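Take a look at the structure below.
Rule-based calculations on the coordinates, nothing more; no lab input. Note that the structure is a prediction, hence the values are computed from the model and not measured.
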Amino acid sequence: MKLNHKNVKAQAPKGMPGSLQKIGVFMPEEVFLELVQNQTSRPPLGPVLAAHSNLRRIGALADGSGSVGFGHIAGPGLSVVTIRVQIGAAQIYFLADASCRKPWIAIDTWRGNRQAPVALIEDSQILYSLPEIDWTPGKSTSGIDYLRRECERDTSVPFMEFCSSLAASGIIERRATSDLEGIELSHVEVNILMPERLTKYIGAPLSAGGPPVILLPDSPSGGIH
């Protein structure tokens, strides 16, 4: 699927300090439809989980199967919600701040629709998928929902510090396991999910076409210990 290329690329500022990381975003449905110029017979019914990705590699591993799953990682005084998108033998991780309400709103919307729209982007190409979610409102339960209590506080800075280190460490890639029976993972990507309240830590536009520069204020909390 082709993208409306002029809306994806932007000139990134030069010479900025900081660590480079991959990010994911919640793309509004109307923005996604504009980008693909309405070239889909199954438009999203909620926010689209989007990230830049290695489409050549993922396309080679795609076999028509797919899934989306949720989990969590305990950080130093904070909790990280993980969203796992699997396409064949490829898995894409999104690390979300449990203290931010935006991921919970998106998860509730996806559960209500029983599907999660996903867009993986590279240059002017996009891989769009709608993995199903096995969820019955009022009956299904999840092991992550108790983390909603984290919304009572703001852990944005320690979350960014911890996840920047975690995403760069390779730990998730080494420990990731397949969510699809009979399929062994061959490729794993990790993104930090960046809703609006975290974008103040980004030194380059989200649409810059590559990894952003993440700029954090001085903090004594450190990274992974």
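Full extension of the segment from Asn54 to Ile171, taken as 0.36 nm per residue of separation minus the current Cα-Cα distance, would add 40.2 nm. The relative contact order of region 27-167 comes to 25 percent, based on Cα pairs under 8 Å that sit 6 or more residues apart.
Maximal additional length on extending the Gln37-Ser140 stretch stands at 33.5 nm, based on 0.36 nm per residue less the C-alpha distance. Hull volume per residue, based on the alpha-carbon atoms of region 52-109 and their convex hull, is 101 Å³. Reported value for region 75-212: 130 Å³ per residue, from the convex hull of its C-alpha atoms.
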